[in-house]
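Heads up, the thing below is written out as structure tokens.
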Amino acid sequence: MPHAFREVPHRGRLGGMIRVAAGLALAGALLGGTAAHAALDPAEVVKARQQDMKKLGGGMKVFMGFLKDDKGTAQDVAAAAAAMAAVNKGLPDQFTAGTAVGVGESEALPVIWQENAKFRQGFTDLAQALDKILDLPTTADKAAIGQAVQAVGGTCKQCHETYRQKK
């Protein structure tokens with residue numbers, strides 16, 4: 001079963017029940033995502049993709065708030081990671097042909113489609129990094145959470161540096 005939907009509350013893992021709730025809450029939004037995006041014009045695909053990227057950024061804000069400003073709890077971090085994981089699942093399919101720089105406000109470089117397998121691997125890497133957060137024990141300290149969050153940030157940064165137009 002996909003990581004955002006499995007239940008492991010009795011194992012004492014940070015993401016157990018939170019993963020189930022966040023996964024189910026986002027499942028409806030993601031079902032049929034590919035078909036829905038294919039039916040939209042390219043500018044609408046770009047807009048939807050950017051909204052999902054903002055959701056990933058929102059999760060990073062939760063992580064950083066917890067780590068740097070003592071905002072929230074480890075459970076909030078797990079909920080953000082579960083939500084990010086659910087959004088991440090649909091993102092690769094939102095990079096359809098014809099949605100590169102020059103379409104709407106797209107910042108997607110054409111190299112995405114030239115190196116598509118490598119590009120898509122970045123989403124797999126992000127999923128694995130998010131899993132590390134969700135697999136932390138409920139007693140994880142900030143250092144352990146910080147190390148897992150650093151891996152998430154690294155995958156985001158690598159993709160943005162390679163596949164997104166510089167601002």
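The values are calculated or read from the model by the stated rules, or taken from the named source; none is laboratory data. Please read all numbers here as calculations on a predicted model, not as lab measurements. Counting neighbours? That spans all protein chains shown, and the Cβs are built from the backbone with ideal geometry, glycine included.
When residue 125 is evaluated against the numbered criteria (1) surrounded by 14 or more Cβ atoms within 10 Å (Cβ to Cβ); (2) at pLDDT below 95; (3) farther than 21 Å from residue 65 by Cβ, which criterion, by number, is the only one it fails?
Residue 125 satisfies all of (1) surrounded by 14 or more Cβ atoms within 10 Å (Cβ to Cβ); (2) at pLDDT below 95; (3) farther than 21 Å from residue 65 by Cβ except (2).
Can you go through 52, 69 and tell me which one is acidic (Asp, Glu), at pLDDT 95 or above and in contact with a helix residue (DSSP H, G or I) (Cβ under 8 Å, 6 or more places away or on another chain)?
52
Going by the conditions given, is residue 75 closer than 22 Å to residue 122 by Cβ and either modelled with pLDDT of 95 or more or out of contact with any Cys (no Cβ under 9 Å at 6 or more places or on another chain) (or both)?
no
For a quick check of your reading of the model, give me the residue pairs whose first member lies in the range 94-121 and is without any contact (Cβ under 8 Å) to a residue 12 or more places away in the chain, whose second is in a loop (DSSP other than H, G, I, E, B) and surrounded by 13 or more Cβ atoms within 10 Å (Cβ to Cβ), with beta-carbon atoms closer than 6 Å and at least 6 apart or on different chains.
110/100
Answer yes or no as to whether residue 96 is at pLDDT below 95 and either in contact with a helix residue (DSSP H, G or I) (Cβ under 8 Å, 6 or more places away or on another chain) or farther than 13 Å from residue 155 by Cβ (or both).
no
Within the range 64-77, is even one residue in contact with a Lys or Arg (Cβ under 7 Å, 6 or more places away or on another chain), part of a helix (DSSP H, G or I) and of a type outside the set (D, E, K, R)?
Checking the range 64-77: at least one residue is in contact with a Lys or Arg (Cβ under 7 Å, 6 or more places away or on another chain), part of a helix (DSSP H, G or I) and of a type outside the set (D, E, K, R).
Which of the residues belonging to the range 96-115 are in contact with a strand residue (DSSP E or B) (Cβ under 8 Å, 6 or more places away or on another chain) and assigned to a loop (DSSP other than H, G, I, E, B)?
Matches in the range 96-115: 99, 100, 101, 107, 109.
Conditions tested, residue by residue: (1) surrounded by fewer than 16 Cβ atoms within 10 Å (Cβ to Cβ); (2) under 23 Å from residue 49 (Cβ atoms); (3) among the polar types (S, T, N, Q); (4) in contact (Cβ under 8 Å) with a residue 40 or more places away in the chain.
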| position | (1), (2), (3), (4) |
| --- | --- |
| 129 | no, yes, no, no |
| 134 | no, no, no, yes |
| 142 | yes, no, no, yes |
| 149 | no, no, no, yes |
| 166 | yes, yes, no, no |
